[in-house]
Amino acid sequence: MYKSLNKIMPFNKTLLIVIILIILSGIPAGAQSFQLNSVTDLIKVFEDGYKLPRLYDTVHVFGIRNEIVSGQCVISAGTDLTGVTADVSSLTDPVSGKVLSDNLIKWNFVGSVPLKENAKNQRTKDLVRLAPGLFPDYLMQDKIIELKSNSYKSIWLTFTIPGNAIPGKYYGKVTVTSDRGEQKLPVLLTVYPFDLPDERHLNVTLWYDTRNFSRFHGIDDPYSEAWYEMLGKYAKNMTDHRQNGFSVPINTIKILRKINGGYEFDFTRFDTIANVFWDTGKMDFLETGNGLTRFGEGGTVLSTEVLFNDLQVTDSETGEETMITGKDILPFLLPAFEKHLEQRGWLDRTFIHVKDEPNLANSEAWREMSDFFHKYAPGIKRIDALATSHVIDKIEIAVPKLDKISPQFDVFKKFQNIMGLEVWFYTVGIYQTNGYPNKTIDVPLMDNRILHWINNQYDLNGFLHWGWNHWTENPYEDIGMHIGDAWHVYPAEDGIINSLRWEQMRNGIQDYEYFRMLENRVRELMDSLDIDHFRFDPSQRGKEISSSVVRSFGNYNHDPEIFYETKRKIIRELIELHNSPKLFVQTTPAENSYVVNREVVEVFGFVEPDSEVWVNSRKTKVSSKGIFLMRTEAGEKDLEVRAKSSGGEIIVTRHFNIIE
């Protein structure tokens, strides 16, 4: 047998070569020189192909009306390429014939920045890669580039789903061309029949800096027309990413000493800056007050004092400027400021900082200073980032650091429930304990999105971050001591450039709204059936779903497929709650809880009246309002609830982790 094979091998080799030449002759040159594939948008693509994400043959994205969704594809260069560019077609739904025009789709090559060393507070296992290296982080303005052989380049896709989009499946393609040919990649965008609300239900603020307007934007004259125009671009970018809070420096209020020794205040500049942001129509609150106080000797960590800063005062007659302690000025400034805010209609939307980041050592001094502020401006809510819970009875909006709220959550939750305290949280890259989601460029991109799933999971009302654009002299070459955490956008002469982290943060804030939509739908059904709200928790189902991703403050899942499947689950349940029999199921304990085998589980919920309900195949009574209740036992099989009405039938399941 082997001899006969050897005799015919020369013929087979010749035939094989001919076949290969015929096949290759029909393949475009570009197919041999580069490939184009889709990858998840939740993982960064390194230019050397390090831990390249799983490759797909189609860009699959989904969303709802008014949502902005991200996609990502990657060029794998097999040889040197020049003139590399891309184009994204319009998207068409073949069923309805509706078209989403290509001006609703943006694409950008992803640029990388050099990182010399990793954040020292992070464990190696929490990093996406060890430094040194090039880390992808910003959306390039360049539309034509060159690629070296054996390199990889990501293309970031941004789809804006309009409010009038017809639900359906929209098809199109991404085309990449180069001097060596072109490649095409199918795109499928699924639009579901819901609307992302324009209203923001999560308070989000990132602090901006205007001191680099001259260096990066060529604007040398502060408060000029060009200066305010650039500030307007900042404001628009923030609201485009669903940021709904902004800051105005309190030193923009001009303090005038009158001839008789009293004081008057000119709020013109303060108001002009504020109106740049209010005029977007999408800002909900204003922050101010930073800089009025400082910690004493030893700084934030060691000081036991909170001191007044000096404020600049102008003599109204001579124009002479002097510095006077805030202790003497604030008893006049704070009540005048409160009155001015009330006149402008801004009082209930303005928050004032006492002194950020008090800790246990200086908590007593901070409490005294907070009382001082509240004495002279009782109508202005106080807000501060906190490193201790020992001050939360002296503040209206507490913003603990993520690694501080985790071990002290019960304390914050108590004040939230009993005293109506608003609880947000903040992160600060290199000064945060490892093991929690973070924002440096060397941790998973997905962290920026998970943060706002944490907001949902723990009923935290907002998020604060100090670094929107605190750039180094050249942020494209020097990522700074904060490993990128000091900024979410990059500078351009005519404005700003978005980072991947900023894009995913917006996506996470949109995800938060999905949970609110599910909660609101449950409330609507309860109201329609006249069901007492104390009997059910409309927010529990969203938390059960998100627990597949966020298990605790420091325990979360980085698998993109699980993440997106979880988001799709929210959509499926929204659809089910709009269709007969509109079954809602709640359990005690909640789904995904750890329970002992055969532990009692209380199953209760509601459904359209006149429906029938079975729990684990046992029929249960349904009240005239549609309420049902049953006790059952947890076991190896998932709990199953089936409901049937004249309009339809549905089965839902609940999973429990069984402890043997």
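The values are calculated or read from the model by the stated rules, or taken from the named source; none is laboratory data. Remember, predicted model here, so these are calculated numbers, not experimental data. No Cβ is skipped: glycine too gets one built from the backbone with ideal geometry, and neighbour counts run over all protein chains shown. Side chains are part of the model used for accessible areas, which takes the heavy atoms of the whole protein and leaves out ligands, DNA and RNA. Shrake-Rupley method; radii C 1.70, N 1.55, O 1.52, S 1.80 Å.
The figures follow:
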{"read-out": "Magnitude of the charge dipole, segment 386-481, Cβ model with Lys/Arg +1 and Asp/Glu -1, debye to 20", "value": "360"}
{"read-out": "Which listed pairs, of Lys339/Lys381; Lys44/Lys233; Lys143/Lys567; Lys116/Lys148, have C-alpha distances above 25 Å, in listed order", "value": "Lys44/Lys233; Lys143/Lys567"}
{"read-out": "Reachable lysines from Lys619, criterion Cα separation under 21 angstrom, eight or more residues apart if same chain", "value": "Lys582, Lys637, Lys644"}
{"read-out": "P(r) weight above 17 Å for segment 218-322, C-alpha pairs, percent", "value": "66"}
{"read-out": "Förster radius 60 Å - calculated FRET efficiency between Asp315 and Glu649, Cβ distance, rounded to 0.05", "value": "0.15"}
{"read-out": "Relative counts (whole %) of C-alpha pair distances in segment 273-413, using bins that are 5 Å wide", "value": "2, 9, 17, 19, 18, 16, 11, 6, 1, 1, 0, 0"}
{"read-out": "Ratio Rg/Rh, restricted to the chain and using Cα atoms, in which Rh is the Kirkwood radius", "value": "1.03"}
{"read-out": "Label-zone membership for segment 480-517, site Ala226, 7 angstrom Cα→C-beta point, backbone N under 19 Å", "value": "491-497"}
{"read-out": "Simple label model, 7 Å out from Cα along Cβ direction - Lys258 to Val99, nm", "value": "6.7"}
{"read-out": "Separation in nanometres of the label points that stand 7 Å from Cα toward Cβ, at Ile166 and Tyr564", "value": "2.5"}
{"read-out": "Gyration tensor verdict on segment 551-594 (Cα atoms; rounded if a/c is under 1.5, prolate if a/b is larger than b/c, oblate otherwise)", "value": "oblate"}
{"read-out": "Helix axis angle, 2-25 relative to the chain longest principal axis, alpha carbon, degrees", "value": "50"}
{"read-out": "Rounded D (µm²/s) - segment 390-524, Kirkwood Rh over Cα pairs, Stokes-Einstein at 37 °C, 0.692 mPa s", "value": "202"}
{"read-out": "Potential extension, Met419-Trp614 segment - 0.36 nm per residue separation minus Cα distance", "value": "66.1 nm"}
{"read-out": "Portion, in percent, of the accessible area of segment 347-421 that falls on carbon or sulfur, probe 1.4 Å", "value": "51"}
{"read-out": "Selected from His217, Trp156, Ile259, residue furthest toward positive end of dipole (the chain; charges at beta carbon)", "value": "Trp156"}
{"read-out": "Segment 196-268, accessible area per residue, ligands and nucleic acids excluded (1.4 Å, Å²)", "value": "47"}
{"read-out": "Dimensions (Å) - segment 507-596, Cα atoms, principal axes, largest first", "value": "40, 34, 21"}
{"read-out": "Relative packing of peptides 444-455, 314-325, 642-653, 159-170 - highest average C-beta neighbours within 10 Å first", "value": "444-455, 159-170, 642-653, 314-325"}
{"read-out": "Solvent exposure, largest accessible area first (probe 1.4 Å, DNA, RNA and ligands not counted), of Tyr512, Tyr171, Tyr50", "value": "Tyr171, Tyr50, Tyr512"}
{"read-out": "Modelled label reach - Arg215, point 7 Å along Cα→Cβ, segment 460-479 residues with backbone N closer than 13 Å", "value": "469-479"}
{"read-out": "Helix 326-344 vs. the chain, principal-axis angle (Cα, 0 to 90°, nearest 10)", "value": "60"}
{"read-out": "Diffusion coefficient, µm² s⁻¹, Stokes-Einstein with Kirkwood Rh over alpha-carbon pairs of segment 578-660 at 10 °C and 1.306 mPa s", "value": "123"}
{"read-out": "1.4 Å probe accessible area per residue over segment 88-175, in Å²", "value": "50"}
{"read-out": "Intensity falloff of segment 119-182 expressed as log10 I(q)/I(0), Debye formula with alpha-carbon point scatterers, at q = 0.24 Å⁻¹", "value": "-1.21"}
{"read-out": "Estimated distance in nm for a label pair at Asn557 and Asp179, the labels positioned 7 Å out from Cα along Cα-to-Cβ", "value": "4.7"}
{"read-out": "Computed lengthening from Glu368 to Asn474, 0.36 nm per intervening residue step minus Cα-Cα distance", "value": "34.0 nm"}
{"read-out": "Segment 184-236 shape via C-alpha gyration tensor axes, a/c threshold 1.5", "value": "prolate"}
{"read-out": "23 Å Cα-Cα threshold exceeded, pairs from Lys120/Lys404; Lys169/Lys543; Lys51/Lys401; Lys106/Lys184; Lys236/Lys404", "value": "Lys169/Lys543; Lys51/Lys401; Lys236/Lys404"}
{"read-out": "Lys/Arg +1, Asp/Glu -1 at C-beta; the chain dipole; positive extreme among Asn244, Tyr192, Ala377", "value": "Tyr192"}
{"read-out": "Cα centre as origin, Lys/Arg/Asp/Glu Cβ charges: the chain dipole, Debye", "value": "2500"}
